[in-house]
Structures are given as C-alpha cells and as structure tokens.
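Notes follow once the structure below has been shown.
The values are calculated or read from the model by the stated rules, or taken from the named source; none is laboratory data. This one's a predicted model, so the numbers in the text were calculated from it and none came from an experiment. Reconstructed Cβ throughout: ideal geometry from the backbone, glycine too, with neighbour counts over all protein chains shown. Note: areas computed on protein heavy atoms with side chains; ligands, DNA, RNA excluded. Shrake-Rupley method; radii C 1.70, N 1.55, O 1.52, S 1.80 Å.
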Amino acid sequence: MPALPQRPPAHVNAQRSEKAFAALFSDDRWVMRPITPDYGRDLEVELFEDGEATGVLFGVQLKSIDKLPRKGRLSKSGIETSSLRYWQALDYPLMVATYSVPADQFFARWAHSYDWHYKSHSGVCTDACTPGPKTVTFHYGTAHRITPEAVTRLSDELRFFRAARTGGLRHSPMPIRINGERIDGHSLDRVTEAFGRIAADCGRIRFAEPDELAVSLTYTKSEIRAVLPGDMRSSTIHIGRGVYDGPRGYTALAADGAVALSHLFFELQADNAAADLLTIVAPHSLALFWSNSYQTLRPRLLEAGREDVLRVLAEEHARHLVRQVVGMK
C-alpha cells in the first residue's frame, strides 16, 4: 500500500500555538486577524471597546518550541535577522511570542526590546558590519510569560504607546519614573534631584504620580535604560565602571538619562521634544560624546530640521575635546 501524506510536526506545533494564543485573547475586546501572506507577521490584534474599533493594535509573530522552560527561562534561536529588522521598522509594536509545546505556556517579548549591543560584544557582527548575523536568539524570563494578568495590563500599555505616538503625550510632559542603584559613588537620590532640575528647565518631562503609567528610567552599573510601559519601545546607553567618578558625576548621570529619553522620543516621532531635551543637557552629558549617541542623533536632528541643536552639540563636543586634552597634561 502506498504511503499516505503525513503531517510534519512543525505544522502540528504551529496549529497548537495558534489555538493557545487565541485562548489567551478570547475576551471579546480583542479581535485577531490572520495576515496572509504573512511576510514575517502572523497576526494583527486590535483592541475593541463597547464593540467599536479603537485603532489600538499590535502585530504578532508566533513561534513554537519542543522544550520545557528551565527555571522559568526559555530561548528561541533561529530568528532571522532580516525579519527582526523588519519588525523593528514597523510603526506599531510587534510581539515575538514563543509557545512551549510540552509546558503549554507562552512567552513573549516585543521586537524592539532586542538589544544589538550584546551581539557586537560577543564577537558577532551586528548591523554595523557586512555581512551581519543571519539569525539571532530571543531569551525569555519569568517576567515574559503571558498570563491573564499580563493580557489585562496590555490594553493600558498599548493605549500609552498609541498616545505617545499620536501626540497625546507629545503635547504635554512625559511622565517619568526613576529607579536603579548607586553608580560610581553617586546615590540615586542625588541623580533624581539633578534630573528634577532638567525636567523643570525643559518642560518636556515630569515625575510620574505613584499609580500612573510612565516611562521607566533605570540606572545600573552597566547601562542607563529608558523603557515605555510593557517594554514596547526602549533606549539603552551602555556605560563602563568609573565613567562618572568625580564630584559632578551625578549631574552627568542625570543628563545621560535625559539623552536616553531623547533617543526614545525620536523613536516615538516626538522630534521636537527630543531636540529640546538635548539642548538642555548637552553641557552636562558624557554619553553624547563617548558613546555613539552623537552620530546616531545627528541624522535625526537633520530630518527634524533642528540645526540649532546640532550647533549646540558641535560646540559642546569641541569643549569636551578641549577638556580631555587639558586633563591629559
């Protein structure tokens, strides 16, 4: 008897992941639309309120894996670099959701949360190299597991993102919440105090109320990271030990937190808010001139027509070089 067609395990797992994901978003508020042909996106999910479309939506790329999480952690390798770059270029958030088939659990991260820095420091070429890596790996932790509570929070996080992108937050100060640890001898309280002066001078940012959704600005010994609620967009400045040594280091730390925010504002197309913030902090920043921030921000400022800020940055860069030369003598 001739062999009959068999169904590949990958097809079985793909269908299981689709059913499991649909079960998580079974609430009538969520409408899922398959994208055919997908071109790197499987689904588009929109939030409805009282039966009406809101325009609040996100994309989904579904993955599956025949492995159990270990200590709540899961990794999915083989994600094509070209797909990741495409997802990061989209106007709306795209969720990379990986389904552990044996555990019947979903883990998810937003495509924009992938940080190319760690690829470059592991000896693998990044987007600055030719050719770059063909694939990357997404690592998930316990905080990335999709639970009913996470789905409930998602609607507010998506609204925050939409407001930030469409102008609702761009025309009023962005709420910020600062957290982290002591860096190079400077307490977080001292950094927060200096950051408050920046907020008052600029008028583009403010400290968030206790229960308010806000951008999180986190300081650690290796990075300064500005993150939208839900990690839908983020900006990271990587730092080294001892960079902020000295009595005025806390001022530079506050300024560089604002530089991380300016990168995030450009991602949200709040160009003038980003430019105004840079003008205020340029005299105090270190990251603008020893990281790649200056080179990254230059074309964005040109596109925004903010040559005035470029002149300020060029002047401060010259002063920074003079201070370095004097310090070496």
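Note on the range 51-66: residues that are of a type in the set (A, V, I, L, M) and part of a loop (DSSP other than H, G, I, E, B) total 0. Screening 47, 74, 62, 57 for residues that are closer than 15 Å to residue 20 by Cα, of a type outside the set (Ser, Thr, Tyr) and in contact (Cβ under 8 Å) with a residue 24 or more places away in the chain leaves exactly one candidate, 62.
Scan the range 183-191 and tell me whether some residue there is modelled with pLDDT of 90 or more, surrounded by fewer than 19 Cβ atoms within 10 Å (Cβ to Cβ) and of a type in the set (S, T, N, Q). It would help to see each step written out before you state the result.
Pass one, the range 183-191, residues modelled with pLDDT of 90 or more: 183-191.
In the following step, the residues that additionally are surrounded by fewer than 19 Cβ atoms within 10 Å (Cβ to Cβ) were identified as 184-185, 187-190.
With the extra rule that they be of a type in the set (S, T, N, Q), the set shrinks to 187.
Checking the range 183-191: at least one residue is modelled with pLDDT of 90 or more, surrounded by fewer than 19 Cβ atoms within 10 Å (Cβ to Cβ) and of a type in the set (S, T, N, Q).
Considering only residues in the range 26-53 that are open to solvent by 70 Å² or more (accessible area, probe 1.4 Å) and among the charged types (D, E, K, R), the one that is nearest to residue 146 (Cα to Cα) turns out to be 27.
Taking the numbered list (1) surrounded by 19 or more Cβ atoms within 10 Å (Cβ to Cβ); (2) farther than 20 Å from residue 312 by Cβ in turn, residue 275 passes all entries but (2).
Residues that are among the aromatic types (Phe, Trp, Tyr) and under 16 Å from residue 96 (Cα atoms) within the range 17-59 comprise 21, 25, 39, 58, listed in sequence order. The residue that is nearest to residue 65 (Cα to Cα), counting only those in the range 32-53 that are under 25 Å from the mean Cα position of the chain (by Cα) and aliphatic (A, V, I, L, M), is 43.
As for the range 162-179, it holds no residue that is in contact with a Gly (Cβ under 8 Å, 6 or more places away or on another chain) and open to solvent by less than 20 Å² (accessible area, probe 1.4 Å). Restricted to the range 214-329, the set of helices (runs of 4 or more DSSP H) holding at least 2 residues that are touching a residue at least 40 places away in the same chain (Cβ under 8 Å) comprises 249-267, 271-281, 287-290.
Of the conditions (1) touching a Phe, Trp or Tyr at 6+ places or on another chain (Cβ under 9 Å); (2) over 19 Å from residue 199 (Cβ atoms); (3) of a type outside the set (A, V, I, L, M, F, W, C); (4) open to solvent by 50 Å² or more (accessible area, probe 1.4 Å), residue 245 satisfies every one except a single condition; which number is it? (1) is the only condition that residue 245 fails. On the given criteria, is residue 258 touching a Gly at 6+ places or on another chain (Cβ under 9 Å), open to solvent by less than 10 Å² (accessible area, probe 1.4 Å) and within 26 Å of residue 163 (Cα to Cα)? No.
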